[in-house]
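A short write-up of the structure that comes next.
The values are calculated or read from the model by the stated rules, or taken from the named source; none is laboratory data. Values in this document were obtained by computation on a predicted structure and should not be read as measured data. Cβ placement follows ideal geometry from the backbone for every residue including glycine, while neighbour counts extend to all protein chains displayed. Side chains are part of the model used for accessible areas, which takes the heavy atoms of the whole protein and leaves out ligands, DNA and RNA. Shrake-Rupley method; radii C 1.70, N 1.55, O 1.52, S 1.80 Å.
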Amino acid sequence: MSVEESECEAHFAATTRRNKVGRFVVQLPKKPSVLSLMGNSYEIARSRFLAVERRLQARHLLKAAYSALIEEYELLGHMKEVTDTTQPTVHRPYYLPHHCIERPDSPVFDASCVTDTNISLNNALMVGPGVQGDLFSITIRWRTHQYVIIADIEKMYRQIQIHPSDHCLQRILWRNDPSEPIRTFSSRQ
């Protein structure tokens with residue numbers, strides 16, 4: 001493992017906990033020196049949200065499905081509205097631009113979108129070691145068995161909670177209709 005991979009794994013082992021209902025609560029593996037350089041991400045996230053909104057206004061079925069998905073995030077407690085965006089946070093807030101794809105069963109969040117200082121959230125996070133084989137090796141192993149079972153765990157990543165100190169690093173902008181004010185949401189509180 002590289003030095004960063006080792007540090008990331010040690011961070012995971014030291015900071016990951018289970019809450020009283022058994023869900024994992026993780027702290028993002030931040031690089032403090034890079035995180036401190038991260039600039040303002042609100043304007044680019046707002047601009048990209050408005051572009052997504054215009055696209056959705058022209059495609060009513062896609063908009064209905066995407067709106068329902070965002071509403072589901074809130075109803076299930078996977079995100080919560082931030083009512084006071086001026087309240088101090090542990091880190092400078094990062095606004096994740098998001099968009100939908102033709103099959104809107106999952107929004108696409110863009111943590112590689114750079115801020116006004118040319119630093120993205122992805123830049124500010126450590127990369128840990130790979131935990132599974134490469135896709136080619138996995139596919140080749142399938143050929144050695146008569147039967148193969150694959151599965152997709154629905155909403156798997158939403159079952160893991162983000163530590164409250166990192167909620168400000170996962171904010172999104174949303175509104176159901178252009179006549180409404182744009183609201184800010186973050187990871188569950």
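In region 54-159, a dipole from Cβ-located charges (positive for Lys and Arg, negative for Asp and Glu) runs towards its positive end, and of SER67, TRP142, SER106 it is TRP142 whose Cα lies farthest in that direction. Between SER106, SER179, SER41, the GNM of the chain built on Cα springs shorter than 10 angstrom shows SER179 fluctuating the most.
LYS80: which aspartates and glutamates have alpha carbons under 14 Å from its alpha carbon, excluding same-chain residues fewer than 8 sequence positions away? Cα-Cα hits under 14 Å: GLU71, GLU72, ASP166. Per-residue ellipticity at 222 nm, computed for the chain from helices alone with -39500 (n - 2.57) per DSSP H run of at least four residues, works out to -9500 deg cm²/dmol. Considering only PHE136, PHE109, PHE12, the Gaussian network model of the chain with Cα springs below 10 Å gives its largest mean-square fluctuation to PHE136.
Sparsely packed loop sites in region 105-189 (the trypsin sites (Lys or Arg not before Pro) outside DSSP H, G, I, E and B with at most 13 other Cβ atoms within 10 Å) comprise ARG143, LYS155. Based only on Cα atoms, what Rg/Rh ratio does region 116-189 have, Rh being taken as Kirkwood's radius? Rounded to two decimals, Rg/Rh equals 1.14. Note on ASN19/ALA111: beta-carbon distance plugged into 1/(1 + (r/R0)^6) with R0 of 22 Å gives a FRET efficiency of 0.40.
Of the solvent-accessible surface of the chain, computed with a 1.4 Å probe over protein heavy atoms with every protein chain present, carbon and sulfur atoms account for 57 percent.
Mind checking the per residue accessible area of the chain for me, 1.4 Å probe, whole number of Å²?
Value for the chain: 64 Å² per residue.
For region 40-100, what relative contact order do you get, as a whole percent, if you take Cα pairs closer than 8 Å and at least 6 residues apart? Relative CO of region 40-100 lands at 69 percent. Centre-to-centre, using Cα atoms only, region 105-178 and region 11-46 are separated by 13 Å. Qualifying GluC sites (Glu not before Pro) in region 57-104, where qualification requires a DSSP coil assignment and no more than 14 other C-beta atoms within 10 Å, comprise GLU102. Taking other residues whose beta carbon is less than 10 angstrom from the beta carbon of LEU96, and scoring Lys, Arg as +1 and Asp, Glu as -1, yields +1. Along its principal axes, the chain has C-alpha extents of 57, 42, 37 angstrom, given from the largest down. Comparing LEU75, LEU61, LEU135 in a Gaussian network model of the chain where C-alpha atoms under 10 Å apart are linked, the largest mean-square fluctuation is found at LEU135.
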